[in-house]
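The values are calculated or read from the model by the stated rules, or taken from the named source; none is laboratory data. From a predicted model like this one, the values you see are computed outputs, not experimental measurements. Here the Cβ positions follow ideal geometry from the backbone for every residue, glycine too, while neighbour counts run over all protein chains shown.
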Amino acid sequence: MTAPRVRGAALLALAVLALVACGKRGSPVAPQLRLPRPVGDLSATARHDGIELAWTLPRRRVDNRPLFDPGVAKLYRTEDGGVGEPRAAMLVNDRVAGYTEVASFPLTGPAATPGSDNRITYTDRRNLTFGRRYTYVVTTSDTRGHVSAPSPRTSVTFIAAPEPPGTVRATPGEAEVRLTWQPPARLVDGTPITGPLVYEIARAADATASPAAVGRTAAGETAFVDRGMANDVTYHYTVRAIRTEGAATGTSAASAPVTATPVKTTPPAPASELAAIPSRGEVRLSWKPSPAGDVAAYLIYRAAPGGVFARVGSVRPPATTFVDRNVAPGRYRYAVTAQDTSTRGNESATSNEVTVTVP
């Protein structure tokens, strides 16, 4: 091979290597853009036995790329007397300076903490003192050690909560449940309660599910009506007492659970325009149906003149006719009622009466 050809081949090889190397490098990514997004919804609630923290784990990085490899979430706390602004939260060497780590949550693997909703709930019970203000932040890392910025701070003053309400009763009605209870007399530290309490009512439609809050009372009220419920469904209720002191709140443990099953008590509208045609040994009846949409059956009644009605048959909608057979000769009165689909089987008032003579 001549010298010019050798030089040309070498130059071509160098150009190919340069192109391959450029393809491997790609566009550089600023380190701060690789970080998981900070948690944005950290909340803290003072309970009877600690401070409940809850937050949603981020699903993306700062540059909006999906976070496929979450590593660990860490919860940090600091405390003070409640005067002035809480301590600022700054990340120094992948830790929040001036804060104490109180819990760590693995986000992948068999011991992973979050559920399907990507939420973490944790109750801090470590060395809490009534009257102190506790401030929390949380960070999230990926498996490569990139740690998010701290979440916004959330603070709560830990005060003694009331004991739970007593003697909770649930009385079912039509599409509603009325709850009543006795107010607690003491706080969990044994001191008496001096002011009115607010109450939070929680409900679940399944005994195995965690009740969710459905309402709160005004201060001092010890009754609540849960309306708009489905009839013939059993609901499970608990009640918590909430004490307020300045900007601080303390929430009691849940009361003993109670259950109630709303049931329909209003009968359907009656059938109308009942007509009867007698013939030898039988009477053919027809009527205009009830306008109610939940009629399960029409009940047919017969009586001798001056006697008491006795049920002689029934038909299911959409049928609006009935033949009363094997009827002895004589004079008879007939009426029809509508019965609904509820477990009570509410029965309407009677239709108009008709009187016939069977030959």
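Numerical summary
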quantity: V72 vs. criteria in a strand (DSSP E or B), touching a residue at least 40 places away in the same chain (Cβ under 8 Å) and farther than 30 Å from P162 by Cα; calculated: yes
quantity: Where a residue in segment 137-152 is assigned to a strand (DSSP E or B) and its partner, wherever it lies, is aromatic (F, W, Y), with Cβ under 8 Å and at least six apart; calculated: V137/Y76; V137/Y99; V138/W55; V138/Y76; T139/Y76
quantity: Failed item in (1) in a strand (DSSP E or B); (2) outside the structural domain of Y301 (by TED's automatic domain parsing); (3) at pLDDT 95 or above, with G250 passing the rest; calculated: (3)
quantity: From A269, A276, A260, A247, residue being among the aliphatic types (A, V, I, L, M) and closer than 30 Å to A160 by Cα; calculated: A247
quantity: Among (1) outside any strand (DSSP E or B); (2) over 29 Å from the mean Cα position of the chain (by Cα); (3) at pLDDT 90 or above; (4) charged (D, E, K, R) - the single one K24 does not satisfy; calculated: (3)
quantity: Residues of segment 172-218 classified as in a strand (DSSP E or B) and surrounded by 14 or more Cβ atoms within 10 Å (Cβ to Cβ), total; calculated: 19
quantity: Positions within segment 48-77 being surrounded by fewer than 20 Cβ atoms within 10 Å (Cβ to Cβ) and under 27 Å from A241 (Cα atoms), in sequence order; calculated: H48, D49, G50, E52, A54, T56
quantity: Failed item in (1) under 16 Å from T259 (Cα atoms); (2) charged (D, E, K, R); (3) not in a strand (DSSP E or B), with R169 passing the rest; calculated: (3)
quantity: Yes/no for V233 being more than 28 Å from V156 (Cα to Cα), in contact (Cβ under 8 Å) with a residue 12 or more places away in the chain and crowded, with 18+ Cβ neighbours inside 10 Å; calculated: no
quantity: Odd one out for S279, checked against (1) crowded, with 18+ Cβ neighbours inside 10 Å; (2) more than 36 Å from the chain's Cα centre (by Cα); calculated: (1)
quantity: Failed item, numbered, when R144 is tested on (1) assigned by TED's automatic domain parsing to the domain that holds T129; (2) crowded, with 20+ Cβ neighbours inside 10 Å; calculated: (2)
quantity: Hits in segment 289-309 (condition: under 16 Å from A276 (Cβ atoms) and modelled with pLDDT of 95 or more); calculated: Y298, L299, I300, Y301, R302, A303, F309
quantity: Sole residue being of a type in the set (D, E, K, R), touching a Leu at 6+ places or on another chain (Cβ under 9 Å) and under 30 Å from L187 (Cβ atoms), chosen from D63, D80, D124; calculated: D124
quantity: Test set (1) assigned by TED's automatic domain parsing to the domain that holds V233; (2) touching a Ser or Thr at 6+ places or on another chain (Cβ under 7 Å); (3) polar (S, T, N, Q); (4) within 18 Å of R47 (Cα to Cα) - T180 fails condition number; calculated: (4)
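Table: residues versus (1) in a strand (DSSP E or B); (2) farther than 20 Å from Y334 by Cα.
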site: A256; (1), (2): no, yes
site: L274; (1), (2): yes, no
site: P278; (1), (2): yes, no
site: V283; (1), (2): yes, no
site: S286; (1), (2): yes, no
site: A292; (1), (2): no, yes
site: G307; (1), (2): no, no
site: R311; (1), (2): yes, no
